[in-house]
Amino acid sequence: MRVLLIEDEFLVATAVEAVLDSMGCEVVGPAATVEAALSLLSDGEAPDVAIVDLNLRGEPSEPVALELDRRHIPFVFATGYDVDDDLSARFPAAQWLRKPYTDQQIRASLMEIMNV
């Protein structure tokens, strides 16, 4: 499974990447900005799924979510904030991971979003 990882905090990205590696996933990224994430989406083979930090260096990641949705790529929002009801309504298929999350929560969210 190819997973696009969009996370602006280096330590969090490194930890999530280790979990994904242990699951046998191919990690694309991590991307720390909206621009970098959109660039990764336009380059090469599309990911199967994405983990999207809700806030990237003070910039909302909604443009990335819109592009993922347009391409029918399932994704998980990761955030330290409360679930955004507006985003939940606009992206009803998206999963939500609340920081700090565990390895098991990452695995469960990905398995659920991929219907495995």
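Observations
- Per-region count, the stretch 56-84, residues under 15 Å from residue 94 (Cα atoms) and in contact with a Ser or Thr (Cβ under 7 Å, 6 or more places away or on another chain): 1
- Exclusive hit being touching a Pro at 6+ places or on another chain (Cβ under 9 Å) and within 14 Å of residue 106 (Cβ to Cβ), set 28, 49, 34, 76: 49
- Residue ID - nearest to residue 27 (Cα to Cα), chosen from residues in the stretch 67-116 that are modelled with pLDDT of 90 or more and touching an Asp or Glu at 6+ places or on another chain (Cβ under 7 Å): 78
- Contacts under 7 angstrom Cβ, first residue in the stretch 101-116 being in contact (Cβ under 8 Å) with a residue 24 or more places away in the chain, partner of a type in the set (A, V, I, L, M, F, W, C) and assigned to a helix (DSSP H, G or I), 6 or more apart: 103/19; 106/16; 106/19
The values are calculated or read from the model by the stated rules, or taken from the named source; none is laboratory data. Since the structure is predicted, the reported quantities are computational estimates derived from the model, not experimental observations. With ideal geometry, Cβ positions are generated from the backbone for all residues, glycine too; neighbour counts draw on all protein chains shown.
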